[in-house]
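Here's the structure, in structure tokens; my notes come after.
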Amino acid sequence: MSNKKIAAVYLFLFLLPYLCALLVIGTSYNVLVLHSASLWRTFVGAAVGAVVMSALKVTVERPLAILVANATRPLLRDILDFFKVDGDMKKRVLNLGIDFVFCGVATWVVRNVFPREWIMWSLIGWLMLIMFISVLIGGYIDYDLLSVERTGTKEVQVRKPTINK
């Protein structure tokens with residue numbers, strides 16, 4: 001798989017849904033909590049959102065591992081590998097911290113950018129539609145590589161990085 005294709009799959013299958021999930025968390029919190037503008041309540045919403053985002057990241061471990069294994073550019077591999085939190089405790093804690101900050105920012109952005117009527121009635125629906133379409137496009141780009149066989153015996157081919165002299 002080419003690096004351009006990997007970047008496109010990452011954009012549509014991971015990055016756009018991640019941003020939409022952050023905005024869904026921010027919207028949900030602002031809908032559920034009256035007086036969400038207090039700093040303490042924003043911290044609570046960010047903490048809950050970070051835990052939710054960590055749970056969501058577990059579901060994308062295998063596709064991320066496949067993309068990391070097929071990426072040939074070191075920078076692209078490092079970016080993809082950062083969000084793979086399968087075994088490294090340091091990366092898990094760092095990702096949880098980043099998710100905490102992003103969820104807090106998303107809560108603040110939703111509260112201050114969108115009108116209250118949008119937040120209460122239609123914003124989550126639009127965000128879910130964007131997320132759904134994005135995942136469909138990402139899956140369509142390279143479904144064969146990211147699909148899991150029923151036997152579970154499909155091995156991920158890891159390319160060894162080459163050093164150009």
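With a sphere of radius 13 Å drawn around the Cβ of Y10, what net charge do the other residues whose Cβ falls strictly inside it have (Lys, Arg +1; Asp, Glu -1)?
Details: positive: K4, K5, R73, R77, K84; negative: D78, D81, D142.
Local net charge: +2.
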Taking every pair of Cα atoms in the stretch 1-137, average 1/r, invert it to obtain the Kirkwood radius, and report Rg/Rh to two decimals. 1.01
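For T72 and R41, compute 0.36 nm times the residue count separating them, minus their Cα-Cα distance, and round to one decimal in nm. All intermediate terms of the calculation are to be shown ahead of the outcome.
Numbers: separation 31, 0.36 × 31 = 11.16 nm, distance 4.34 nm.
Computed gain between T72 and R41 is 6.8 nm.
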Between the stretch 1-69 and the stretch 78-99, what is the separation of their alpha carbon centroids in Å? 13
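What does the net charge come to around R92 if you take all other residues with beta carbon closer than 11 Å to its beta carbon, with K and R at +1 and D and E at -1?
Numbers: positive: K57, K84, K90, K91; negative: D86, D88, D99.
So the environment of R92 carries a net charge of +1.
What do you get when you divide the Cα radius of gyration of the stretch 23-68 by 2.2 N^0.38 Å, with N the number of residues?
Working: Rg = 14.0 Å, N = 46, 2.2 N^0.38 = 9.4 Å.
After normalising by residue count via 2.2 N^0.38 Å, the value is 1.49.
Summing Lys, Arg as +1 and Asp, Glu as -1, what charge do residues with Cβ under 12 Å from the Cβ of A37 carry, A37 excluded?
Working: positive: R41, R111, R116; negative: none.
Result for the neighbourhood of A37: +3.
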How much of the accessible area of the stretch 1-60, probe 1.4 Å, is carbon plus sulfur, in whole percent? 81
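The values are calculated or read from the model by the stated rules, or taken from the named source; none is laboratory data. Fair warning: this is a prediction, and the values are worked out from it, not measured in the lab. No Cβ is skipped: glycine too gets one built from the backbone with ideal geometry, and neighbour counts run over all protein chains shown. Heavy atoms of the whole protein, side chains included, go into the accessibility calculation; ligands, DNA and RNA do not. Shrake-Rupley method; radii C 1.70, N 1.55, O 1.52, S 1.80 Å.
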